[in-house]
Amino acid sequence: MTAMSASWFRPKRYGYGATPVTWQGWALTLAVPAVLAASIVGMNHYADRSNGAAWLIWGIFVALLAVVFVRVSRARTDGEWRWRWGASRDQTNN
């Protein structure tokens, strides 16, 4: 397996982060908000608004979901995450 086939994301041309380039990257990118939306619906339906412990646990779940998403995305990106301004200065001066 080559490094390119293991990459689900590529670094963004502008800004910070990565964008999905394979079906696995897109599936992960779409699954995270779907899980978040399902958890919101579940919390609104089943948890009492005054149940602070349930909402605290839900908040921890959301934070862990975000951390896992970013870690997997960074590990599966073909290149490093850094701020980018588009084309490199060497290409624009030619």
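So the values come out like this:
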| quantity | calculated |
| --- | --- |
| Helices (runs of 4 or more DSSP H) fully within the stretch 8-94 counting 1 or more residues that are out of contact with any helix residue (DSSP H, G or I) (no Cβ under 7 Å at 6 or more places or on another chain) and at pLDDT 90 or above | 23-46, 52-75 |
| Where a residue in the stretch 32-43 is within 13 Å of Ala66 (Cα to Cα) and its partner, wherever it lies, is part of a helix (DSSP H, G or I), with Cβ under 6 Å and at least six apart | Val32/Phe69 |
| Scan of the stretch 1-29 for residues that are under 13 Å from the mean Cα position of the chain (by Cα) and exposed (fewer than 11 other Cβ atoms within 10 Å of the Cβ), ordered by number | Tyr16 |
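The values are calculated or read from the model by the stated rules, or taken from the named source; none is laboratory data. Values in this document were obtained by computation on a predicted structure and should not be read as measured data. In this analysis, Cβ positions are derived from the backbone assuming ideal geometry, glycine residues included, and neighbour counts consider all displayed protein chains.
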